[in-house]
Structures are given as structure tokens and as C-alpha cells.
Amino acid sequence: VSGFHFALNLVLLRLVTPYDYGIFAFAFVLAMFASAINNALISTPLTVYTPIIKDPVERSRQEGMFSTLNLLLFSALLICGFFYSGWSEQSTDVTLSVALFVAIYSARHFSRSAGYARMRPLVTATGDATYVGTGVLVMLAIILWVDDLSISHVLLALVVANLAAML
């Protein structure tokens with residue numbers, strides 16, 4: 001995953017304007033920040049507390065609680081992005097693609113942790129491989145078929161890759 005992100009950054013340096021590259025970098029900073037919040041409040045407690053619960057009903061209840069918290073964080077990120085898009089001087093497609101990317105990136109972090117909490121690291125690894133494979137394919141398609149590459153195209157490609165990985 002890190003290798004894919006590194007390669008994507010190198011490719012984008014040559015394909016987008018410095019301003020768009022700055023938006024991309026800022027979007028990743030926001031995604032890392034959202035993931036850190038998710039990690040501290042939702043994902044780490046999920047991976048620490050639920051594996052030791054022996055009662056399947058109680059474990060399911062706890063997983064449901066953490067899933068609900070994740071959904072609340074996801075919704076809050078989308079709502080903040082939506083309101084920011086109306087206030088920002090940026091184009092709406094850029095601000096909404098940033099918001100969607102940040103929210104989905106954070107949600108995928110939770111889905112990875114859920115795989116580990118259920119003691120199924122192969123599911124998480126498969127999701128990571130799916131993310132990289134889908135990301136490479138969608139980015140190649142966009143690079144080859146879109147004449148005027150916008151940073152919103154790139155962010156939406158990463159949204160598609162993250163959704164594929166979560167599925």
C-alpha cells in the first residue's frame with residue numbers, strides 16, 4: 001500500500017499542477033488525521049476488547065457499537081466536507097472529492113481493524129491487495145483516457161479503490 005502511494009505521488013508530480021498536487025497532499029494529511037481519530041477512538045478499542053469476549057452475543061453487540069461509532073465518524077466527515085464545499089473558494093467537485101476520500105479512507109481503516117479483531121489477517125491482506133490492484137487499474141484508466149487530469153479524478157479513483165478493498 002505504501003509503495004502504491006509512493007509511486008502514485010511520483011506519477012502525480014509529473015501529471016498535475018503544483019497547486020493540484022498540494023490539494024492531493026493536503027487531502028492525504030486530512031485522511032491520516034481522520035484515520036488517527038478513528039484509530040484512537042474506534043479501531044484500537046475494537047481490536048483490543050472484542051477478541052477477548054467469549055460470549056458471541058456480547059461480542060456482536062460490541063462490534064455493533066464500534067461499527068455505529070465508525071458510521072458516525074464517517075457521517076461527520078462527510079457533513080463537514082459538504083458544508084466546507086459551500087464555504088470554500090475551491091470548486092465543489094474538488095472539495096467534495098476530498099471529503100469523500102477522507103471519509104472513505106478512514107472507514108477502510110476501520111474495516112482493516114475489523115479483520116484483525118476477528119482474527120482474520122488474510123481478509124485484511126486481501127483487502128490491501130485489492131486496494132492496490134484496483135487503484136493501479138483505475139488510475140491507469142484515468143491517465144490513459146482522461147485528457148485533462150483533475151485532482152478530483154485521482155481522489156475519486158482512490159475512493160473506488162478503498163470501496164473495493166472494504167468489499
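The values are calculated or read from the model by the stated rules, or taken from the named source; none is laboratory data. Just so it is clear, the structure is predicted and the values come from calculations on it, not from any experiment. Glycine gets a Cβ as well: all are built from the backbone with ideal geometry, and neighbour counts include every protein chain shown. Ligands, DNA and RNA are excluded from the accessible area calculation, which covers all protein heavy atoms including side chains. Shrake-Rupley method; radii C 1.70, N 1.55, O 1.52, S 1.80 Å.
One table, with the values for the structure above:
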quantity: Hey, THR44 assigned to a helix (DSSP H, G or I), in contact (Cβ under 8 Å) with a residue 24 or more places away in the chain and closer than 30 Å to VAL98 by Cα or not; calculated: yes
quantity: Which listed residue, of PRO56, PRO45, PRO51, is open to solvent by 60 Å² or more (accessible area, probe 1.4 Å) and farther than 19 Å from CYS80 by Cβ; calculated: PRO56
quantity: Number of the exception - VAL159 against (1) more than 30 Å from THR44 (Cβ to Cβ); (2) at pLDDT 95 or above; (3) touching a helix residue (DSSP H, G or I) at 6+ places or on another chain (Cβ under 6 Å); calculated: (1)
quantity: Which listed residue, of ARG108, ARG61, is out of contact with any Lys or Arg (no Cβ under 9 Å at 6 or more places or on another chain), among the basic types (Lys, Arg) and surrounded by fewer than 20 Cβ atoms within 10 Å (Cβ to Cβ); calculated: ARG61
quantity: Residues of region 1-27 satisfying the condition of being open to solvent by 30 Å² or more (accessible area, probe 1.4 Å) and either in contact with a Ser or Thr (Cβ under 8 Å, 6 or more places away or on another chain) or within 22 Å of ALA164 (Cβ to Cβ) (or both); calculated: VAL1, SER2, GLY3, PHE6, ALA7, ASN9, VAL11, ASP20
quantity: Matching entry among GLY81, GLY86, GLY115 (being in a helix (DSSP H, G or I), open to solvent by 20 Å² or more (accessible area, probe 1.4 Å) and at pLDDT below 95); calculated: GLY86
quantity: Neighbours by Cβ (under 6 Å, 6+ apart or cross-chain): first from region 124-142, among the small types (Gly, Ala, Ser); second in a helix (DSSP H, G or I) and open to solvent by less than 30 Å² (accessible area, probe 1.4 Å); calculated: GLY127/ALA165; GLY135/PHE4; GLY135/ALA161
quantity: First in region 100-114 and closer than 14 Å to ALA125 by Cβ, second anywhere and in a helix (DSSP H, G or I) and among the hydroxyl-bearing types (Ser, Thr, Tyr), Cβ under 7 Å, 6 or more apart; calculated: ARG112/THR124; SER113/SER43; SER113/THR47
quantity: Close pairs (8 angstrom Cβ cut-off, 6 or more residues apart or separate chains): more than 19 Å from HIS109 (Cα to Cα) and part of a helix (DSSP H, G or I) in region 1-26, open to solvent by 80 Å² or more (accessible area, probe 1.4 Å) and aliphatic (A, V, I, L, M) anywhere; calculated: TYR21/LEU13
quantity: Residue in region 78-98 that is of a type in the set (Val, Ile, Thr), closer than 28 Å to LEU15 by Cα and in contact with a Phe, Trp or Tyr (Cβ under 9 Å, 6 or more places away or on another chain) present; calculated: yes
quantity: Matching residues, region 51-91, being under 17 Å from the mean Cα position of the chain (by Cα), among the hydrophobic types (A, V, I, L, M, F, W, C) and farther than 30 Å from TYR19 by Cα; calculated: LEU69, LEU71, LEU72
